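Each reported figure results from applying straightforward, stated rules to the coordinates on display, with no laboratory input. Not measured: the values here are computed from a predicted model. As a convention, Cβ positions derive from the backbone with ideal geometry for all residues, glycine included, and neighbour counts pool all protein chains shown.
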Amino acid sequence: MMNEKLQLVVVTGMSGAGKTVAIQSFEDLGYFTIDNMPPALLPKLLSLVDGSAEHKRMALVIDMRSRSFFKDIQEVLDELENRDDLDFKILFLDAADKELVARYKETRRSHPLAADGRIMDGIKRERELLVSLKSMSQNVVDTTELTPRELRKLLAQHFADQDFEQAFRIEVMSFGFKYGLPMDADLAFDVRFLPNPYYQVELRNQTGLNPAVYDYVMEQAESEDFYQNLLNLLNPILPGYQKEGKSVLTIAIGCTGGQHRSVAFARRLADDLAKNWNVRVSHRDKDRRKETVNRS
């Protein structure tokens, strides 16, 4: 890994063409990212991460917000192109003038080069300054007709690393309804209808990670019926979430206290989904016990 070339993508282009969406997409793809990077500091940054396996892929936004530094960019990029230790690319994002004006009016932001003038004045000036940079870019993307989701998908197709198989991942979590629904849950399922291990004295102080508790929950006939129906629901729709451009899908399984039934179900679901997807499992309330009666 230490001998691999550092993959460096410089994201630049017209203001309003989608650089914010782009840098967020690179972050989702596992790149180390910096927004609004002054070009003069780039050589110093590369020297700091030289030989680091942790930062083998980087994406940096350099644009007109760095007004006083932008005069340095041509010299810096020429130097980068001549380095043998870099896999260096420039991604230039562009859009039609009419679309850029519409985007600025929608966000009510001023163009960085417009000063007190019209938006079109800033766009015209920026195009003049970026002519040479656009000509040396290996990847020029016109975002005029692209939605943010489509731009993310396009960037994933061109820049995803083979080691980073999927930008899309699934978070499976257990929780207790008595502590509230998880705010970040995309899909939530309730398993409080299942027989409760709390009423088995020998299982009461254990969690769904304990084999005895897990077996007790899963050996119930209604548990197996529910679980198979849950899989039949999830398997056809997961590819749709990925296709839509969602980076993280959070599936929450809840019981009363979040220690027994939900933990067992989340564990089993995560194990099965991990056969085909990038999955992480967590148990929000597994160790959260109150002095009051705790019925999970």
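Some observations on this one:
- Cα gyration tensor, the stretch 6-56 - rounded (a/c under 1.5), prolate or oblate: oblate
- For the stretch 169-283, averaging the sequence separation of C-alpha pairs within contact (under 8 Å, six or more residues apart) and dividing by the residue count gives a relative contact order of 54 percent.
- Whole-number percent relative contact order across the chain, with pairs defined as alpha carbons under 8 Å at least 6 apart: 20 percent
- Option label - semi-axes √(5λ) of the Cα gyration tensor in Å computed here, alternatives (i) 32, 20, 18; (ii) 50, 21, 17; (iii) 51, 37, 13: (ii)
- Amide proton proximity set for A188, modelled H, under 5 Å, gap of 5+: A252
- Amide H partners (placed H, <5 Å) of T144, local residues excluded: A96
- 27 Å Cα-Cα reach of K286 towards lysines, excluding residues that sit fewer than 8 places from it in its own chain: K178, K275
- For R288, the amide hydrogen comes within under 5 Å of no other amide hydrogen, counting only partners 5 or more places away or on other chains and with H modelled in the peptide plane.
- Per-residue Karplus couplings for the stretch 29-39, computed as 6.51 cos²θ - 1.76 cosθ + 1.60 with θ equal to phi - 60°, are listed in order as 7, x, 7, 7, 10, 9, 9, 6, 7, x, x Hz, Gly and Pro entered as x.
- Candidates R261, R169, R284: whichever shows maximal mean-square fluctuation once the chain is modelled as a Gaussian network with Cα springs under 10 Å: R284
- Separation in nanometres of the label points that stand 7 Å from Cα toward Cβ, at R149 and K124: 3.8 nm
- The chain: most fluctuating residue of D225, D85, D50 per GNM, C-alpha cutoff 10 Å: D225
- Cα-projected label distance for K44 with D184, points at 7 Å along beta-carbon direction, nm: 3.3 nm
- The magnitude of the dipole of the chain, with charges of +1 and -1 set on the Cβ of Lys/Arg and Asp/Glu and taken from the Cα centre, is near 980 debye.
- Residue with peak Gaussian network fluctuation, the chain [Cα springs, cutoff 10 Å], from V11, V213, V131: V131
- Short-range pairs are left out: with C-alpha atoms under 8 Å and at least six residues apart, the relative contact order of the stretch 6-159 is 34 percent.
- According to the Cα-based calculation, Rg over Rh for the stretch 125-257 is 1.22, with Rh computed by the Kirkwood formula.
- Projecting the Cα atoms of L231, S282, N196 onto the charge dipole of the stretch 169-283, computed from C-beta unit charges around the Cα centre, puts S282 farthest toward the positive end.
- Kirkwood-based shape ratio for the stretch 179-296, expressed as Rg/Rh from alpha carbons: 0.98
- Subset of K98/K134; K19/K105; K19/K246 violating a 27 Å alpha-carbon distance limit: none
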